[in-house]
Amino acid sequence: MGWLSFLPMLRLLAILTAAVLLSACDKVDYKPVPPSEAILKIYHMGAYSSQMPDDEKEVQGTLFQTQWKVRYKKQGDGWLVHRQLDSLFGRGYHKNSMPNELEKKTTLDMELGPDGVPKTIIGYDSLHSILSKIDQPEDYRKQLLKLTDTVFLQAEQRDAFRLRNFLPLGILKRGSPLAVDGLNPKLETVKLDSALYQGDNPRLELRCLEYEVYYHRTDSLPLMVEQFFFSSSKHRKWKHAAWSPGQVDGIWHFSVERSTGLPCFESRSETGHITLKNAEEKSELPITLIRYEEDIYSR
């Protein structure tokens, strides 16, 4: 038999091999083993913007760049976590008062239980006293202080850890939905609409698994509205306009290292839509408010 006779068989073998490899890449057996100690460097960006119907581009509001270190250390059946700020840079109207950004200034000490969720969180008390001195219109001041409340920040931190540990153990198939019914009753600051496992993805030479959770809330983001009014001169004529709460759609993206379960990457994007109403001119303006944050982890 000549070598040409083997070509159809080789083609079939190549197709079968490709199919097997694709199938193997399509599924993973997720069984992470957390290290007894690890230090993570985190590079963070927070960007806030808004857009009017006739604008081709978003109008940038406030921008943050932050760097800090997080140290995990095994303790009994849980962990001790210490978070320390390295640097913080802010630019824009809310550079001194965006709570979910300035939260990162605080040094945190957390004790995690065996489920990876904080049992104790120490360090938030100083943030509220600093931001309570900021001169702001009363309506926005209430929102500012609500978001810097120690109890709220601790609950938000617990939810973040719950979501970082949300990926189920065992065989995971790319593109599969993740059940949220069992997690929602445990979440304190957000409720999920759905979740999706997206597959295997390398990040900074780490083999990581990606998933997203989707949610909505009826918070019209008062601080973002205030930012809209004062981040651009053409917006200021609307600063006395009335507006009603609108739906905010959110996507929280997670990437965790396959071997350890530690974070590789995280991002959060929220888009809110409201309508401003000017009673004097009897005019209306629909606007879009946008929040985006991302964290890049390195070992």
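When each of GLU266, GLU257 is tested for being in contact with a Phe, Trp or Tyr (Cβ under 7 Å, 6 or more places away or on another chain) and among the charged types (D, E, K, R), the lone residue that passes is GLU266. For ASP249, the conditions (1) assigned to a strand (DSSP E or B); (2) in contact with a helix residue (DSSP H, G or I) (Cβ under 6 Å, 6 or more places away or on another chain) all hold with the exception of (2).
Listed here are the residues, each with its yes/no results for (1) modelled with pLDDT of 95 or more; (2) not β-branched (Val, Ile, Thr); (3) not in a loop (DSSP other than H, G, I, E, B).
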{"residue": "LYS73", "(1), (2), (3)": "yes, yes, yes"}
{"residue": "ASP115", "(1), (2), (3)": "no, yes, no"}
{"residue": "ARG158", "(1), (2), (3)": "yes, yes, yes"}
{"residue": "LEU167", "(1), (2), (3)": "yes, yes, no"}
{"residue": "ILE171", "(1), (2), (3)": "yes, no, yes"}
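Take the residues in segment 255-290 that are among the acidic types (Asp, Glu) and outside any strand (DSSP E or B), then tell me which one is farthest from ASP54 (Cα to Cα).
Going through segment 255-290, the residues among the acidic types (Asp, Glu) turn out to be 257, 266, 270, 280-281, 284.
Those left that are additionally outside any strand (DSSP E or B): 280-281.
Details: GLU280: 22, GLU281: 19 Å.
My answer is GLU280.
When ARG71 is tested against (1) surrounded by fewer than 18 Cβ atoms within 10 Å (Cβ to Cβ); (2) over 17 Å from ILE290 (Cα atoms); (3) touching a residue at least 40 places away in the same chain (Cβ under 8 Å), only condition (3) is not met. In the condition set (1) part of a loop (DSSP other than H, G, I, E, B); (2) in contact with a strand residue (DSSP E or B) (Cβ under 9 Å, 6 or more places away or on another chain); (3) closer than 29 Å to THR275 by Cα, GLN136 is compliant with all but (2). Take VAL190 and tell me if it is crowded, with 16+ Cβ neighbours inside 10 Å and in contact with a helix residue (DSSP H, G or I) (Cβ under 9 Å, 6 or more places away or on another chain). When the stated conditions are applied, VAL190 passes them. Between GLY261, GLY246, GLY250, GLY272, the distinction of being on the phi > 0 side of the Ramachandran plot and among the small types (Gly, Ala, Ser) belongs to GLY261 only.
If the condition is being outside any helix (DSSP H, G or I) and either touching a Leu at 6+ places or on another chain (Cβ under 9 Å) or among the hydrophobic types (A, V, I, L, M, F, W, C) (or both), then segment 182-198 contributes LEU183, LEU187, VAL190, LEU192, SER194, ALA195, LEU196, TYR197, GLN198. What number of residues within segment 216-238 satisfy the criterion of being within 12 Å of ILE274 (Cβ to Cβ) and not in a helix (DSSP H, G or I)? Adding up the residues that qualify gives 4.
To keep it simple, each residue is scored yes or no on (1) surrounded by 14 or more Cβ atoms within 10 Å (Cβ to Cβ); (2) hydrophobic (A, V, I, L, M, F, W, C); (3) modelled with pLDDT of 85 or more.
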{"site": "PHE64", "(1), (2), (3)": "yes, yes, yes"}
{"site": "LEU80", "(1), (2), (3)": "yes, yes, yes"}
{"site": "GLY90", "(1), (2), (3)": "yes, no, yes"}
{"site": "LYS95", "(1), (2), (3)": "yes, no, yes"}
{"site": "ILE121", "(1), (2), (3)": "yes, yes, yes"}
{"site": "LEU127", "(1), (2), (3)": "yes, yes, no"}
{"site": "ASP135", "(1), (2), (3)": "no, no, no"}
{"site": "ASP139", "(1), (2), (3)": "no, no, no"}
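The values are calculated or read from the model by the stated rules, or taken from the named source; none is laboratory data. What you are looking at is a predicted structure, and each value in this text was computed from that prediction instead of being measured. Counting neighbours? That spans all protein chains shown, and the Cβs are built from the backbone with ideal geometry, glycine included.
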